[in-house]
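Taking it in order: structure first as C-alpha cells, then the write-up.
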Amino acid sequence: MEKIVVVDDEQQFRKRLIRAFQKRGYEVYGAADVDEAMAVIHEVRPAMAVVDLRMPGKSGLELVRSALAECPEIRIVILTGYGSIATATEAIRLGAAYYLPKPADVDDILAAFAKGGAEPAAESKDIETPSLARAEWEHINRVLTDCDGNISAAAKRLNVHRRTLQRKLHKYPPGQ
C-alpha cells in the first residue's frame, strides 16, 4: 500500500482528499501545515505528497525544499487556488513533480503523479484564471476559515455587514 501525505490548511478539503485517497487503497496521512507535514515525512517516509501552496506560516514551496532534503524519493504535487506561471515554475524548479490549480479532485492529482515531470510549465499556460466572483468567494471562505467559522468576525475583517456576508455564503460557489 503506497503512503501519501495530504498537506492543506483547509480542514474540509484535506479531509475530503484523505477519504478519496483511502477509497483508492492508499495509506493516507494529513497535515495542516509545514511543521506537521515534516514530522509525518520524517516518521512515515511517504512515497507521495499533495501540498497546498499557500498556508499560514511557511509556504508549500518551503515544504517542497525541506521534504526533498529529508526524503529525496518523495514525489510532490502542488495545489493552489492562486495559480501563476511564476509559482508553477518555481515549484517545478524546486523539485515538485507537478502543479495543479484548485479545485482539483483525486483523479486529477493521480494523473499529475502519473505525468511526473512531463513539461508542466508548458501546460501551466492552460491554467484558467478564476473569475472575479470565484476569487471573491474563495477569499471569503478563507477569511471565514481563519475566523473559525465566526460570521461576525469574518464580516468585520472583510469590512462588510454580517447579513451581506451571510447572503454571499448561501450562494453556491461561482464557476471558474
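The values are calculated or read from the model by the stated rules, or taken from the named source; none is laboratory data. Keep in mind that what you see is a predicted model, and the values were worked out from it rather than measured. Here Cβ is always computed from backbone atoms with ideal geometry, including for glycine, and neighbour counts include all displayed protein chains. Side chains are part of the model used for accessible areas, which takes the heavy atoms of the whole protein and leaves out ligands, DNA and RNA. Shrake-Rupley method; radii C 1.70, N 1.55, O 1.52, S 1.80 Å.
How do the strands (runs of 3 or more DSSP E) wholly within the range 35-103 filter down when requiring 2 or more residues that are closer than 15 Å to I4 by Cα and in contact (Cβ under 8 Å) with a residue 24 or more places away in the chain: which remain?
In the range 35-103, 48-52, 75-80 are the strands (runs of 3 or more DSSP E) which contain 2 or more residues that are closer than 15 Å to I4 by Cα and in contact (Cβ under 8 Å) with a residue 24 or more places away in the chain.
Restricted to the range 9-32, and to residues that are of a type in the set (D, E) and modelled with pLDDT under 90, which residue is surrounded by the most Cβ atoms within 10 Å (Cβ to Cβ)?
Filtering first and then ranking leaves D9.
Assuming G57 fulfils every condition listed in (1) among the small types (G, A, S); (2) on the phi > 0 side of the Ramachandran plot; (3) at pLDDT 90 or above apart from one, which condition is it?
(3)
Across the range 53-86, what is the number of residues that are over 20 Å from A39 (Cβ atoms), in contact with a Gly (Cβ under 9 Å, 6 or more places away or on another chain) and open to solvent by 40 Å² or more (accessible area, probe 1.4 Å)?
1
What pairs can you find where one residue is in the range 150-172 and over 17 Å from A133 (Cβ atoms) and part of a helix (DSSP H, G or I), the other is of a type outside the set (D, E, K, R) and open to solvent by 100 Å² or more (accessible area, probe 1.4 Å), and their Cβ atoms are less than 7 Å apart, with a gap of 6+ or different chains?
Pairs found: A155/H161.
Kindly list the number of the only condition in (1) open to solvent by 40 Å² or more (accessible area, probe 1.4 Å); (2) at pLDDT below 85; (3) in contact with a helix residue (DSSP H, G or I) (Cβ under 8 Å, 6 or more places away or on another chain); (4) in a helix (DSSP H, G or I) that fails for G175.
(4)
Residues that are of a type in the set (S, T, N, Q) and under 12 Å from the mean Cα position of the chain (by Cα): does the range 69-81 have at least one? Break it down into steps so the answer makes sense when it comes.
Filtering the range 69-81 down to residues of a type in the set (S, T, N, Q) leaves 80.
Restricting the remaining residues to those that are under 12 Å from the mean Cα position of the chain (by Cα) gives 80.
Checked the range 69-81: at least one residue is of a type in the set (S, T, N, Q) and under 12 Å from the mean Cα position of the chain (by Cα).
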